[in-house]
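**Q** Sharing a structure below in structure tokens format, with a few things to ask.
Values in this text are rule-based calculations from the coordinates and carry no lab data. All values reported here derive from a predicted model rather than from experimental measurement. As a convention, Cβ positions derive from the backbone with ideal geometry for all residues, glycine included, and neighbour counts pool all protein chains shown.
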Amino acid sequence: MEDVRTLRYDIQWEVFEGMQIVDINSKYYDMVIEFMWSHSFLKSLVYESLGLFDVPNMKETYSWYVRHILRNECSVMMISEDETQIRAVGLLEWMTEEWHSWVFFPSSLPRNLFQQIIMMKKELIDATKANMGISTYDALFVHEIAFPDELYFNKDFLTTIFDVFGFVAQHMHMPRVNFIALSSVDQEAASLIEYDEIGRTIYSIYKVGNTRPFDILRELDEMYALLYELVVSPVLKYIEMPGFEEFHEALEARLAKEAAEKRHDDDI
């Protein structure tokens, strides 16, 4: 008889139709990697068209990529009502200037077309940052999503899970969520939620040296990689929430009194 065990979690972010959206315990990383391989990588028309399915050791590379992101401890999964199966995953990682996240991440991958996709994402982020005239662009980045086919264009589901990404960003003290949609399918899904398109890369003119590695995607009517953003406000500490005005007044009065007493002692 098959041993079916309940998936454990520490944080419940949200619930959609009885299915909980939760954090990912490290003991389930291998399970999540297999889920992402089957439900994201192998379902990607962009990856297939670029020939990534035939790249040597691609599963090993992709597994390393997923595990690296999972170790950031921001990713989320939606589990079945009986809490025994993974139904959806969002691979999330905070990417910051201080930690040079966009420098280390692509450089740690093998030099192949998959790495070039990551480099293209980095360059799109850099170009958008330059267009906005800012020097720092920290964000919780949605690297990849794996959603059930029947929920891919369900607005209620998409709104729920992308809102969760926003909650995670707030708790990780990130000012925004970024999502780069590589395919028209992901772009259509993103259009159903309240994220703003703030940048794009045109596949046919993106160059690496003298080559255009993504030009073949035009034959599939895949024209762009689109960058979406959701700006979020920081999570307030409970004492900064409405209703604590009297507390702050009393605190200020006490601090002022202590300061006055200290000055008096210093004068003696």
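**Q** Suppose we filter THR84, THR128, THR136 for residues that are touching an Asp or Glu at 6+ places or on another chain (Cβ under 6 Å) and of a type in the set (Ser, Thr, Tyr); which single one remains?
**A** Values: THR84 fails: touching an Asp or Glu at 6+ places or on another chain (Cβ under 6 Å); THR128 fails: touching an Asp or Glu at 6+ places or on another chain (Cβ under 6 Å).
Only one candidate qualifies: THR136.
**Q** Hey, does the range 6-19 have a residue that's surrounded by fewer than 18 Cβ atoms within 10 Å (Cβ to Cβ), of a type in the set (Val, Ile, Thr), part of a loop (DSSP other than H, G, I, E, B) and more than 15 Å from the chain's Cα centre (by Cα)? Spell out the reasoning first.
**A** Keep residues of the range 6-19 that are surrounded by fewer than 18 Cβ atoms within 10 Å (Cβ to Cβ), which gives 6, 8, 10-12, 14-15, 17-18.
Filter once more, so that each one left must be of a type in the set (Val, Ile, Thr): 6, 11, 15.
From the residues that got through so far, the ones that are part of a loop (DSSP other than H, G, I, E, B) too are 6, 11.
Imposing the further condition that a residue be more than 15 Å from the chain's Cα centre (by Cα) reduces the set to 6, 11.
Looking through the range 6-19, at least one residue is surrounded by fewer than 18 Cβ atoms within 10 Å (Cβ to Cβ), of a type in the set (Val, Ile, Thr), part of a loop (DSSP other than H, G, I, E, B) and more than 15 Å from the chain's Cα centre (by Cα).
**Q** Test ASP186 against the criterion of being charged (D, E, K, R), part of a helix (DSSP H, G or I) and over 21 Å from LEU52 (Cα atoms), and give yes or no. Don't jump to the end; show me each part of the working.
**A** Working: charged (D, E, K, R): yes; part of a helix (DSSP H, G or I): yes; over 21 Å from LEU52 (Cα atoms): no.
Here the answer is no, as ASP186 does not meet what is asked.
**Q** Related question: Taking into account only those residues within the range 137-181 that are under 17 Å from PRO234 (Cα atoms) and β-branched (Val, Ile, Thr), which is nearest to the chain's Cα centre (by Cα)?
**A** Among those residues, the one meeting the criterion is VAL177.
Results for (1) among the basic types (Lys, Arg); (2) closer than 27 Å to GLU98 by Cβ; (3) in contact with a strand residue (DSSP E or B) (Cβ under 8 Å, 6 or more places away or on another chain), shown as yes or no for each residue.
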| position | (1), (2), (3) |
| --- | --- |
| ASP156 | no, no, yes |
| THR159 | no, no, no |
| VAL164 | no, yes, yes |
| ASN178 | no, yes, yes |
| ILE205 | no, no, no |
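**Q** Quick check on this structure: which one of ILE24, ILE11 is more than 30 Å from ASP126 (Cα to Cα) and aliphatic (A, V, I, L, M)?
**A** Selected residue: ILE11, the only one of ILE24, ILE11 that is more than 30 Å from ASP126 (Cα to Cα) and aliphatic (A, V, I, L, M).
**Q** Just the residues that are among the β-branched types (Val, Ile, Thr), more than 22 Å from LYS122 (Cα to Cα) and either buried (at least 22 other Cβ atoms within 10 Å of the Cβ) or touching a residue at least 60 places away in the same chain (Cβ under 8 Å) (or both), please, taken from the range 142-191. Before the answer, list the steps.
**A** As a first pass, look at the range 142-191 and keep what is among the β-branched types (Val, Ile, Thr): 142, 145, 159-161, 164, 168, 177, 180, 185.
Going one step further and asking which of them are more than 22 Å from LYS122 (Cα to Cα), we end up with 159-161, 164.
The answer is THR160, ILE161, VAL164.
**Q** For GLU123, all conditions in the list (1) under 28 Å from TRP13 (Cβ atoms); (2) acidic (Asp, Glu); (3) touching a residue at least 40 places away in the same chain (Cβ under 8 Å); (4) surrounded by fewer than 18 Cβ atoms within 10 Å (Cβ to Cβ) hold save one; what is the number of the exception?
**A** Unmet for GLU123, out of (1) under 28 Å from TRP13 (Cβ atoms); (2) acidic (Asp, Glu); (3) touching a residue at least 40 places away in the same chain (Cβ under 8 Å); (4) surrounded by fewer than 18 Cβ atoms within 10 Å (Cβ to Cβ): (1).
**Q** Which residue, of GLU73, GLU93, is among the charged types (D, E, K, R) and in contact with a strand residue (DSSP E or B) (Cβ under 7 Å, 6 or more places away or on another chain)?
**A** GLU93
**Q** Could you list, in sequence order, the residues of the range 105-129 that are hydrophobic (A, V, I, L, M, F, W, C) and closer than 26 Å to PHE162 by Cα? Spell out how you get there, then give the answer.
**A** Taking the range 105-129 as the starting set, the residues that turn out to be hydrophobic (A, V, I, L, M, F, W, C) are 105, 109, 113-114, 117-120, 124-125, 127.
Result: PHE105, PHE114, ILE117, ILE118, MET119, MET120, LEU124, ILE125, ALA127.
**Q** Filter the range 199-211 down to the residues that are in contact with a helix residue (DSSP H, G or I) (Cβ under 7 Å, 6 or more places away or on another chain) and surrounded by fewer than 16 Cβ atoms within 10 Å (Cβ to Cβ) and list them by number. Break it down stepwise before answering.
**A** So the first thing to find is which residues in the range 199-211 are in contact with a helix residue (DSSP H, G or I) (Cβ under 7 Å, 6 or more places away or on another chain), and the list is 199, 201, 203-204, 206, 208.
Within the range 199-211, SER204, VAL208 meet the criteria.
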